[in-house]
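Worksheet: the structure to be examined is printed underneath.
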2 protein chains.
Amino acid sequence: MARKPGSRAEITGPRLREAALRLFARHGYAAVSMRQIAAEVGVQAGALYQYIDDKQGLLFDLMRAHLEELLADWAASSPPAAPAPARLEHFARFHIRFHLTRPDAVFIAYMELRNLSPAHFAVIEALRRRYEDELEAILRAGQEEGSMAVPDTKLAAMALIAMLTGVNTWFREGGRLSRERVEDIYVDMVRKAVAG
Amino acid sequence: MARKPGSRAEITGPRLREAALRLFARHGYAAVSMRQIAAEVGVQAGALYQYIDDKQGLLFDLMRAHLEELLADWAASSPPAAPAPARLEHFARFHIRFHLTRPDAVFIAYMELRNLSPAHFAVIEALRRRYEDELEAILRAGQEEGSMAVPDTKLAAMALIAMLTGVNTWFREGGRLSRERVEDIYVDMVRKAVAG
DNA sequence: GGTTGAATTGAACAATTGTTCAGTCAAACA
DNA sequence: TGTTTGACTGAACAATTGTTCAATTCAACC
């Protein structure tokens, strides 16, 4: 019937995704078995198939949810019209904050692309492309305004995103540098890299 | 006794590594079976164990060989003493060229770290650290010379390497931009990003 | 309290995994 | 030519894989 809050299904579903995210990020998609995920959830492996089509569909769902959240958060936080340099700084800060907040999802979305079927891969690739286009639009605006010198906006967008996302590979909360300080330094490098 | 050139062993050994590199890069370490590698080499799976200890040792060998070649090539190409900006440009060009030349090895060395045993991981991590230190030394020199503004040399080194390595994710030979043009644009962004 | 229906179990499946090893082969030496 | 020696085969191994499904459990309804 209508599931009441607290029913088994409403608990198992989210926990399945949390466990899969953590395990895939830690050990890699191919190295994690459905039984390991099930054990983490506290359930037998067969029960997982009430919530997913198959293992690969689970990976796809995690990736898509991540990228859709990325695009939605960006759309919600993006300031309307502003000079390109301000929009660029806003993008850089948003990107770093968003990515540092969910390292597991970021890791999976970048590393497990080859485990997707071609159809699923195309969907994920298109979502990522939409995000890259957001940055590229800012750079193009800056170029046209004359406030930036960007000979190739596509290349520059890829380069800046790679640089910003790289923060996930080394930053650890409570380390030598605070998140705010890291953000400031990255923003400075980004700004200068495309300066006219 | 002494193996003659062209003996089976002298052919199988290198081909094993070539096949493993290609397959690991394409499908991921965990998703490739020893039998797939053996088939690619034209041999039965058991024969591979004449050349490797186990699957994970094979992965480790590939990574170590890659990073040692990176360090050796850098040491051989590095100009003696020069102003920091010139050394930085040299590093950027070297890095892009080296990485674009061997995308499979680069991919593996960045993506399959979690499949290494702790002992093997420590070795790989140390090698990578040595390379990062090479760039950091240049940035520190630039900061001391006054020719660069780098508030945190370690952070900047990580950021620049991430940006430069990112070229591998999108660049395709014969595409819109030539390798030389890509190199020039990246060098320009790198130079400006740390400019004073 | 009994009925319903979804959530879960637990066993089963065929296939595949990394690795070992006794036997076979073929090329290099004497 | 016969011997030696390393490379390779092919079968075997126990373990594990993703996935299915009849049977069971258990909470929500009448």
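Derivation of every value follows stated rules applied to the coordinates shown; laboratory data play no part. As the structure is a prediction and not an experimental result, all values here were calculated from the model. All Cβ positions, even for glycine, are placed from backbone atoms using ideal geometry, and neighbour counts span all protein chains on display.
Counting only other chains, and only Cβ atoms inside 10 Å, what mean value do you get across the residues of B:61-71?
Counting other chains' Cβ atoms within 10 Å and averaging over B:61-71 gives 0.
If I fit a long axis through the Cα atoms of helix B:153-165 and take the longest principal axis of the Cα atoms of chain B, what angle between them do I get, 0 to 90°, rounded to 10?
Once rounded, one gets 60 degrees.
Rounded to two decimals, what ratio of Rg to Rh does segment B:107-150 give with C-alpha atoms and a Kirkwood Rh? Can you show the working numbers first?
Values: Rg = 14.8 Å, Rh = 12.2 Å.
Value, to two decimals: 1.22.
Kindly count the pairs of lysines across the protein assembly as shown whose alpha carbons are less than 23 Å apart, treating pairs on different chains or eight or more residues apart as eligible.
Taking the protein assembly as shown as the scope, the lysine pair count is 5.
Kindly provide the Kirkwood hydrodynamic radius of chain A in Å, to one decimal, from all pairs of distinct alpha carbon atoms.
Taking every pair of different Cα atoms in chain A, averaging 1/r and inverting gives 18.6 Å.
About the Cα centre, and with charges only on the beta carbon of Lys, Arg (+1) and Asp, Glu (-1), how big is the dipole of segment A:1-158? Nearest 20 debye, please. Working shown, then result.
Numbers: 20 positive and 20 negative charges, 137 e Å.
Roughly 660 debye, rounded to the nearest 20.
Could you work out, residue by residue across A:181-193, how many beta carbons of other chains sit within 10 Å of that residue's beta carbon, and then give the average as an integer?
Partner Cβ neighbours, averaged per residue: 5.
Given A:PRO103, A:GLY146, A:LEU113, which one lies farthest toward the positive end of the charge dipole of segment A:90-157, if we put +1 on the Cβ of every Lys and Arg and -1 on the Cβ of every Asp and Glu?
The Cα lying farthest towards the positive end belongs to A:PRO103.
Shape verdict for segment B:88-196, please, from the Cα gyration tensor: rounded (a/c under 1.5), prolate (a/b greater than b/c) or oblate. Don't skip to the end; give the middle numbers.
Numbers: a/c = 2.64, a/b = 1.12, b/c = 2.36.
Note, shape of segment B:88-196 comes out oblate.
From zero up to wherever the largest Cα-Cα distance of the protein assembly as shown sits, split into 10 Å bins and tell me the percent of pairs in each.
4, 20, 29, 26, 14, 6, 1, 0
Please give the net charge around B:ALA47, taking every other residue with its beta carbon less than 13 angstrom from that of B:ALA47, where Lys and Arg add +1 and Asp and Glu add -1.
+2
Under 5 Å between amide hydrogens, which residues at least 5 positions from A:ALA195 or on another chain qualify, with H placed 1.01 Å from N in the peptide plane?
Hits under the 5 Å cutoff: A:ALA149.
Could you check the simple spin-label distance between A:LEU113 and A:ALA137, using points 7 Å along Cα→Cβ, in nm with one decimal?
Once both label points are built, they end up 2.2 nm from each other.
Sequence gap at least 6, Cα distance under 8 Å: using those rules, report the relative contact order of segment B:108-180 to the nearest whole percent.
Relative CO of segment B:108-180 lands at 20 percent.
Based on a Kirkwood Rh over C-alpha pairs, give the Stokes-Einstein translational diffusion coefficient of segment B:1-68 at 25 °C and viscosity 0.890 mPa s in µm²/s.
198 µm²/s
Helix A:8-27 against the longest principal axis of chain A: what's the angle in degrees, Cα atoms only, rounded to the nearest 10?
Once rounded, one gets 60 degrees.
In peptide B:139-151, what is the residue-averaged number of other protein chain Cβ atoms found within 10 Å of each Cβ?
That average works out to 1.
Could you work out the relative contact order of chain B, using alpha carbon pairs under 8 angstrom and six or more residues apart, expressed as a whole percent?
Result for chain B is 23 percent.
To test your reading of the geometry: what angle, between 0 and 90 degrees and rounded to tens, separates the Cα axis of helix B:179-193 from the longest principal axis of chain B?
50 degrees
Could you work out the relative contact order of segment B:1-52? I mean the mean sequence separation of Cα pairs under 8 Å and 6+ apart, divided by the number of residues, in percent.
Once normalised by length, the contact order is 30 percent.
How large, in Å, is segment A:58-131 by the Kirkwood hydrodynamic radius built from its alpha-carbon pairs?
Details: mean 1/r = 0.0757 Å⁻¹.
Result for segment A:58-131 stands at 13.2 Å.
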